[in-house]
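Step one of this worksheet: look at the structure below.
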Amino acid sequence: MTYDDSNIFAKILRGEIPCHKVYEDDKTLAFMDVMPQATGHVLIIGKCPAVELTDLPLEYATAIFATAQKVIKAQRQVLGTQGVVQLQLNDKSAGQSVFHYHMHLIPTHLHNLGEHESQMADMGELAKLAEQLRLALN
Ligand code: DGP
C-alpha cells in the first residue's frame, strides 16, 4: 500500500490537528489514543512515512521501541498496574484503520482489552493522563 500523507497521524505530526502528547523526540511521538481500549492507552508513531511494519525503516523501529520502553515504565508508575499489552496491526484485513505505522501500548490484561475503536474518551481525562505520564517520563 502506498503511503498517503492525508492520514490523521500525518496531520498530527504536521501539527494540523491536536493530540494529547506524552513524549516526543527527533524520530518518535507518543500520544493518548482518543478511543482507548483501557485507561492510559498510548500510541507511538514514527516521524517517517511508513504504512505498517514492513515499511518501517529499522532506525525508526529502534527509536519506537526505545520510546515504548520509556512509556511502559511511565504507565506502570502512573496507573499502578504492571500489565501492558503491546499491539500493532498490519493491513486493513487485520483491523488497521490509520495507515501510518503506530504501536499501541495498552495497560491491561489481554482478557480485559476493550473493543477496538468503540468509544471516544473523555478529553479532560485524557489531558490529565497525558500530563501525569509526561511528568513520570521526566
Ligand atoms: P489501528 O486500528 O491500529 O489503525 O488503530 C488506530 C487507533 O487510532 C485507534 O485505537 C483509534 C486511534 N485514533 C483514531 N483517530 C485518532 C485521532 O484523531 N487521534 C488520536 N489520538 N487517536 C486516534
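Each reported figure results from applying straightforward, stated rules to the coordinates on display, with no laboratory input. Keep in mind that what you see is a predicted model, and the values were worked out from it rather than measured. Using ideal geometry, Cβ is built from the backbone for each residue, glycine included, and neighbour counts are taken over all protein chains shown.
Would you mind working out the magnitude of the charge dipole of segment 1-98 relative to its Cα centre, with +1 at each Lys and Arg C-beta and -1 at each Asp and Glu C-beta, to the nearest 20 Debye?
So the dipole magnitude of segment 1-98 works out to roughly 400 debye.
Using a Gaussian network model of the chain whose springs link C-alpha atoms within less than 10 Å, name the residue from HIS116, HIS20, HIS104 with the highest mean-square fluctuation.
Evaluated over the chain, the most mobile residue of the options is HIS116.
Counting Lys +1, Arg +1, Asp -1, Glu -1, what net charge surrounds PRO36 among other residues with beta carbon under 15 Å of its beta carbon?
Counting the neighbours of PRO36, the net charge comes to -4.
Output the 0 to 90 degree angle, nearest 10, between the alpha-carbon long axis of helix 123-137 and the longest principal axis computed from the alpha carbons of the chain.
Long axis of 123-137 versus the principal axis of the chain: about 90 degrees.
Excluding PHE99 itself, calculate the net charge of residues whose Cβ lies under 12 Å from the Cβ of PHE99, where each Lys or Arg counts +1 and each Asp or Glu counts -1.
Counting the neighbours of PHE99, the net charge comes to -4.
Tell me the angle of helix 58-79 to the major Cα principal axis of the chain, expressed in degrees between 0 and 90 and rounded to the nearest ten.
Around 20 degrees separate the two axes.
Divide by every residue of the chain the summed helix terms, -39500 (n - 2.57) for each DSSP H run of at least 4, and state the resulting mean residue ellipticity at 222 nm, rounded to the nearest 500 deg cm²/dmol.
-10000 deg cm²/dmol
So if R0 is 30 Å, what FRET efficiency would GLU16 and GLU59 give, r being the distance between their Cβ atoms, rounded to the nearest 0.05?
0.75
What net charge is computed for the residues neighbouring LEU56, neighbours being all others with C-beta under 14 Å from the C-beta of LEU56, Lys and Arg scored +1, Asp and Glu -1?
Result for the local shell: -2.
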